[in-house]
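Contents: one structure, followed by commentary.
The values are calculated or read from the model by the stated rules, or taken from the named source; none is laboratory data. Computed from a predicted model, the values in this text were never measured in an experiment. Here the Cβ positions follow ideal geometry from the backbone for every residue, glycine too, while neighbour counts run over all protein chains shown. Accessible surface is based on the protein model in full, side chains and every heavy atom, while ligands, DNA and RNA are left aside. Shrake-Rupley method; radii C 1.70, N 1.55, O 1.52, S 1.80 Å.
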Amino acid sequence: MHFHSKLRRRQILLGAGLLAAQVAVPALAQPGKSASGARTLSVAQVVDYSLAQQDVSKDFLIGARAAWQDINARGGLRGKTVRHLTLETDGTAASVRAALDKMRDDPSCVVLSGTVGDQVASQVVAQLSQDRLAIAHAAPWLQNSSLAIDDQTFPIFAAREQQISYALKTLSVMGLKELGAVYASNQDHTVYRADVERIAGSLGLKLLSLRGSGDLGVLGQKLTPTTPAVLLFLGGTPELAQFTQGLGKQARQRYIVALADVNIQTMMQMGGARTTPVIATQVVPLINASLPVVRTYRETLGRLFDEPPVPLSLAGFIAARYTHDVLSSINGPLTRQTALAEFQRRADVDVGGFRISYDAQRRSATYVTQSMTTADGRLVG
């Protein structure tokens, strides 16, 4: 499949997903709709719809929408309807600033929840600090390991460093001493290089960087015998599918480590990883796990959306449920100030078996699982 056709498929998948979301979610959960006046409060979610991030954002947003709709169906938050306010951006600093201005000027908005994707989440952290805008930034899709976490940001998902370390432990039997880092584009190289180099250094690995430009299948075919056998991929789902198709034409067996931004099920549907094993990390439980939150997620998603369960939408679901649980524990009036104070307690929370417990770096970063593709086209957890 040609690269541009993959991107068109990405756009089609996004459009279909958002259409399903618009059909499935009633007016009370849609931006700009308020069914019960003063009895309504707003939770804002900043979403990156840029081409590079829309796969991630579409799935994550659907999971969050499913959670908030289910919460409203069960009585809302402390008897109030939750208006799930989606603030769309194109990934640029200007669009992020405009989204936060809209949120700031909405007096009903008490919290930011589930900012997605990674680059926009980092921008939101910086912009909130610059504007001195005091509001809790709960459960962002913040994969950046190098970013210092301030007193109003509450990451509940493991960042890149924890994901990479977990995946490489699986390959430690190979006597791993070197690692290849494949950046899908110049932008990916600019954004992720420093973080990846720091992580590789901390693990004592020699790092070889490979930068894609245009057809990633060509890059996959051009690897030499001296290229490391284990390759860390930094990019999106269609790009990874294309890269593995190129690798399939090489004789040497290689292993790809992909991080939580990749939808491995979609990658396989696009013809990726036919001969090259892909180890994909996840920062949520496996979607077939027996944990209560996973069972609730699957039931809710199946009831409200025509979408298959995937790790990214489970992450969005957990982000919304965590936000709800913390807000529900507030004593007294529910305002931006009381919400921020409650999140700043950083209390341990159990979201249906998904444990959130903050460390000294103000992250809850210990939960990582992984799936792996097999030579016969199966996905195993």
First in region 203-232 and touching a residue at least 60 places away in the same chain (Cβ under 8 Å), second anywhere and part of a loop (DSSP other than H, G, I, E, B) and open to solvent by 30 Å² or more (accessible area, probe 1.4 Å), Cβ under 8 Å, 6 or more apart
VAL230/LEU176
Before we move on, is GLN143 in contact with a helix residue (DSSP H, G or I) (Cβ under 9 Å, 6 or more places away or on another chain), under 20 Å from ALA194 (Cβ atoms) and part of a loop (DSSP other than H, G, I, E, B)?
yes
Can you run down the residue pairs with Cβ atoms below 8 Å, 6 or more apart or on separate chains, where the first is in region 329-357 and farther than 20 Å from PHE157 by Cβ and the partner is open to solvent by less than 30 Å² (accessible area, probe 1.4 Å) and modelled with pLDDT under 95?
LEU334/LEU41; LEU334/LEU77
Quick check on GLY114: is it of a type outside the set (A, V, I, L, M) and at positive phi?
yes
All but one of (1) closer than 19 Å to ALA159 by Cβ; (2) part of a strand (DSSP E or B) hold for ARG198, so report the exception by its number.
(2)
Regarding ARG211, is this residue within 28 Å of ARG363 (Cα to Cα) and of a type outside the set (A, V, I, L, M, F, W, C)?
no
Restricting to region 266-319, name every residue that is over 18 Å from the mean Cα position of the chain (by Cα) and within 19 Å of ALA365 (Cα to Cα).
LEU291
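Yes or no, residue by residue, for (1) among the hydroxyl-bearing types (Ser, Thr, Tyr); (2) assigned to a strand (DSSP E or B):
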| residue | (1), (2) |
| --- | --- |
| LEU51 | no, no |
| ASP59 | no, no |
| THR81 | yes, yes |
| LEU87 | no, yes |
| ALA98 | no, no |
Is it true that some residue in region 256-277 is of a type in the set (D, E, K, R) and free of Cβ contacts under 8 Å to residues at least 12 places away in the same chain?
no
How about region 153-196: which of its residues are acidic (Asp, Glu) and either open to solvent by less than 10 Å² (accessible area, probe 1.4 Å) or within 17 Å of VAL262 (Cα to Cα) (or both)?
GLU161, ASP188, ASP195
Within region 110-140, the count of residues that are in contact (Cβ under 8 Å) with a residue 12 or more places away in the chain and part of a loop (DSSP other than H, G, I, E, B) comes to 9
Would you mind stating whether LEU291 is touching a helix residue (DSSP H, G or I) at 6+ places or on another chain (Cβ under 7 Å) and either over 30 Å from LEU77 (Cβ atoms) or not small (Gly, Ala, Ser) (or both)?
no
Of all residues making up region 230-261, the number that are modelled with pLDDT of 90 or more and either surrounded by fewer than 21 Cβ atoms within 10 Å (Cβ to Cβ) or in a strand (DSSP E or B) (or both)
8
